[in-house]
Amino acid sequence: MDPVMLVVSALVAGAVAGTSGAVSSAITDAYQALKRLVEARLRGAGRDPKVLDDVSSSETAKASLAEDLNAVGVDDSLSQAAQELLDLLELRERGKFVVDASQAKGVIIGDHSTQNNTFN
C-alpha cells in the first residue's frame, strides 16, 4: 500500500473504531498521535487540517485528504504511526488468543490459570 493510502486508511479505521465505544486507550492514543502528526504536516504546508474532521464519513473528505497528503508528502514518521495504529486495530480484531484445541485432552485458556491433569 502506498504511504498516502496507508495514512488515510489508518485515520479512517481509527475514527470508525473510536465511535464503537469499545476501544482501548492504546488505540485512542495511537489515533490521536497520528492525527496530530497529519495536522502538523498539513498546517506546515499551509493546508487546512479541517479535512480530517469528516474523513471517516465522507468519500470527498478522504479524496481531499489523499490529495493534500500527496502534495505535502508522507514521511517515515507518518507511515510508521499509521502502521502502528493499523496493527493495534488488527490485534483488537483478532483477539488476544489464537487457540487450536482440536487434539487437546486437557485445556485451559486465559491469563494466570493453573491446571493439574492426570491422564491414564
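The values are calculated or read from the model by the stated rules, or taken from the named source; none is laboratory data. This one's a predicted model, so the numbers in the text were calculated from it and none came from an experiment. Cβ coordinates were reconstructed from backbone atoms using ideal geometry, including for glycine residues, and neighbour counts include every protein chain displayed.
Looking at segment 87-120 only, could you name the residues that are surrounded by 10 or more Cβ atoms within 10 Å (Cβ to Cβ) and modelled with pLDDT of 80 or more?
Asp87, Leu88, Leu89, Glu90, Leu91 - these are the residues of segment 87-120 that are surrounded by 10 or more Cβ atoms within 10 Å (Cβ to Cβ) and modelled with pLDDT of 80 or more.
Could you check segment 2-26 and list, in sequence order, the residues that are of a type in the set (S, T, N, Q), farther than 18 Å from Val74 by Cβ and part of a helix (DSSP H, G or I)?
Within segment 2-26, just Ser25 meets the criteria.
Out of all the residues in segment 1-58, which are under 20 Å from Gln83 (Cα atoms), basic (Lys, Arg) and without any contact (Cβ under 8 Å) to a residue 12 or more places away in the chain?
Correct list: Arg36 only.
Could you pull out the residue among Ala82, Ala61 that is free of Cβ contacts under 8 Å to residues at least 40 places away in the same chain and of a type in the set (A, V, I, L, M, F, W, C)?
That would be Ala61, the only listed residue that is free of Cβ contacts under 8 Å to residues at least 40 places away in the same chain and of a type in the set (A, V, I, L, M, F, W, C).
Of all residues in segment 27-62, count the ones that are part of a loop (DSSP other than H, G, I, E, B), more than 23 Å from Leu88 (Cα to Cα) and of a type outside the set (Lys, Arg).
Of all residues in segment 27-62, those part of a loop (DSSP other than H, G, I, E, B) come to 45-48, 55-58.
Then keep just the ones that are more than 23 Å from Leu88 (Cα to Cα); that gives 45-48, 58.
Next cut, of a type outside the set (Lys, Arg) only: 45-46, 48, 58.
Total satisfying the criteria: 4.
Looking at (1) loosely packed, with under 14 Cβ neighbours inside 10 Å; (2) in contact with a Pro (Cβ under 8 Å, 6 or more places away or on another chain), can you tell me which one Gln32 breaks?
(2)
Only one residue in Ser64, Ser113, Ser77 is within 24 Å of Ile27 (Cβ to Cβ) and not aromatic (Phe, Trp, Tyr). Which one?
Ser77
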